[in-house]
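Below: the structure, in structure tokens.
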Amino acid sequence: MEDQAQALREIMGRRENPARDAAGNPAGTRPEQGKRTRIIAVASGKGGVGKTNLSVNLAIAYARTGKRVIVMDADLGLANVNVMLNMIPKFNLYHVIRKQKTMREIILDTEYGIQIVAGASGFSKIANLNEEERQGFINELYTLSQADIVIIDTAAGVSNNVLGFVAAADDAIIVTTPEPTAITDAYGIIKIIATEIENLNIGLKLVVNRVHSVTEGRRVAERIINISGQFLNLKVEYLGCIYDDPIVPASVLRQKPFIVQDPKAKASISVAHLVSRIEKTEYADDKGFGRFMKKLFGRDEERLDGRLGR
């Protein structure tokens, strides 16, 4: 698994070389020299915590900063990134894995300024790839190196595929909620990551979804972080939280990302701040407050609560 992860890191790190297709021929477009693709894997210990919703909206927030972003639906069996965007792709990762299509041929543009690679819904046969299939799939990922940001929406829970993507990523975001079962499962996947991935060298980050206050999000995060440090000797960074906002389920029903449906909603502002925290840059909102936040949910926690109507 470590060899697989290293291969993917090297692929995404060589932006100065032209991308090549599956046959090894130049793809025709030379990426900007010296520019490196950032890979962000989004994972969760259980389903239903908002992992895919975060992946899609995080991608759009990134695109609004001028980045070229690709979301790859790596839930190989129960894919739904395209469902969130009301898209019906003709081809998906199944066709790439079966070598019927190349990755370049299945990348889709969206109306929201991002591109997606659709997963393979309903094909349980490929839910756990063998080593040969996984290696061929990694070779196809070379195509994605033209993007600035690649967000990998992994399957819920833990499989060899999930661990492979997490090990290869620059950053791995674990999504949880304040529910006791979600907290337990979040620690569970962190524990497996710590014990199964050799030479772990990624930025492991935690996002608490569906919180009612910043204080609640931090309390949940500190619980997981402290246990991980004490029993796993593993550093987990608290990236931030996303407010429990009625715009989120409404946007799912409409199949339109909530950050597009209402950019000023609590959940939308929360996601925009997550991007700022990941990039370690200031985030200037468009509400006219005239201030920047260097860190998410640091000293400005309570003031942020006030801004969002707490």
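Sort the following peptides by mean Cβ neighbour count (other Cβ atoms within 10 Å, averaged over residues), highest first: 220-229, 69-78.
Those peptides, ordered most packed to least, come out 69-78, 220-229.
Taking the range 225-286, which GluC sites (Glu not before Pro) meet the DSSP loop condition and have no more than 15 other C-beta atoms within 10 Å?
Hits after loop and neighbour filter: Glu282.
Which FRET efficiency, nearest 0.05, do Thr184 and Lys99 yield, Cβ-Cβ r, R0 41 Å?
Rounded to the nearest 0.05, the efficiency is 0.55.
Greater than 30 Å separation of Cα atoms is the criterion. Which listed pairs, Lys67/Lys101; Lys67/Lys205; Lys101/Lys191, meet it?
Lys101/Lys191
What is the projected area of the convex hull of the Cα atoms of the range 72-177, averaged over all directions, in nm²?
6.9
For Ile227 and Leu200 in the same chain, what is the full-extension length gain: residue separation times 0.36 nm, less their Cα-Cα distance, in nm?
Value of the extension gain: 7.9 nm.
Using a Förster distance of 35 angstrom, determine the FRET efficiency expected from the C-beta separation of Glu216 and Arg36, and round it to 0.05.
Taking R0 as 35 Å, the efficiency between Glu216 and Arg36 is 0.45.
Readers should treat all values here as calculations from the given coordinates under stated rules, not as data from a laboratory. Everything quoted here is computed from the prediction, not taken from an experiment. Heads up, the Cβs are rebuilt from the backbone with ideal geometry, glycines too, and the neighbour counts pull from every protein chain shown.
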